[in-house]
1. Note the angle between two axes, namely the Cα long axis of helix 126-149 and the longest principal axis of the Cα atoms of the chain, as a number of degrees from 0 to 90, rounded to the nearest 10.
2. Using per-residue counts of other Cβ atoms within 10 Å, averaged over each peptide, order 53-64, 73-84, 131-142, 91-102 from highest down.
3. Show me 23-29, 159-165 ranked by packing, highest mean number of other Cβ atoms within 10 Å first.
4. In terms of Cα to Cα distance under 29 Å, which lysines are near enough to Lys86, apart from those fewer than 8 places away along the same chain?
5. For the chain, what does the relative contact order come out to in percent, with C-alpha contacts under 8 Å and a separation of six or more?
6. Can you give me the angle between helix 40-51 and the longest principal axis of the chain, using Cα atoms only, in degrees from 0 to 90, rounded to the nearest 10?
7. Sorting check: for 118-125, 146-153, which peptide has the highest mean count of neighbouring beta carbons within 10 Å, and how do the rest follow?
8. Expressed as a fraction of 2.2 N^0.38 Å, the rule-of-thumb size for a compact globular protein of N residues, what is the C-alpha radius of gyration of segment 73-129?
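Quick note: the coordinates plus some simple rules give every number you see, no bench work behind them. Just so it is clear, the model here is predicted, and its values are computed rather than measured. As a convention, Cβ positions derive from the backbone with ideal geometry for all residues, glycine included, and neighbour counts pool all protein chains shown.
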Amino acid sequence: MIDKEMLQFLSILLQYPKSSWLEINQLRTLASRLEHLPKKENVYTFLDYLDHRSCEELAAEYVDTFDFSEHCNLYITSLLCPDDRKRGQVLADLKAIYLQAGLEVATEELPDYLPLLLEFLAIANQESCNQVLEIVGPGMDKLWQQLKEKHSPYATLLEVCVESTVPVACVKTVHIGGDLS
């Protein structure tokens, strides 16, 4: 079973760094409230990383990690779909799952944006989570591997994401969108 509060917390940590959420003591308090936090040490390692950098340094690292690398970006299907038409269909499938689950995305982000995916997983029912994770699970794992290769501090958060959602994604579900490659 997915820890919904943990996914919401990870969604916050994987967004563009803003001074409004960088109050480290509040983040540590939130982390300490998550009873079933897998890989708790990873989250605290990342919080230590945040604590020792300015908002400007964090923003620069974030942009360097996710915006200037085609292999490490937070739009998960872009890591899986080299064909734009197939990716477009997968994005439409994700959006349909969101709508079917009752989530109307009130953002300009694409439905495969990892923080948005985590927010969805935090509120969706098990069936919807399974559908989404079957589509994006391999991309989350690929992103984690790429971040590990770069020795990015964000790799610790992706490890938590992957290890928290893999058991759920292994449940047999109907795959929407077909083969991604």
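1. 50
2. 131-142, 73-84, 91-102, 53-64
3. 159-165, 23-29
4. Straight-line reach from Lys86, under 29 Å: Lys95, Lys142, Lys148, Lys150, Lys172.
5. Value for the chain: 31 percent.
6. Orientation of helix 40-51: about 60 degrees from the principal axis.
7. 118-125, 146-153
8. That works out to 1.08 for segment 73-129.
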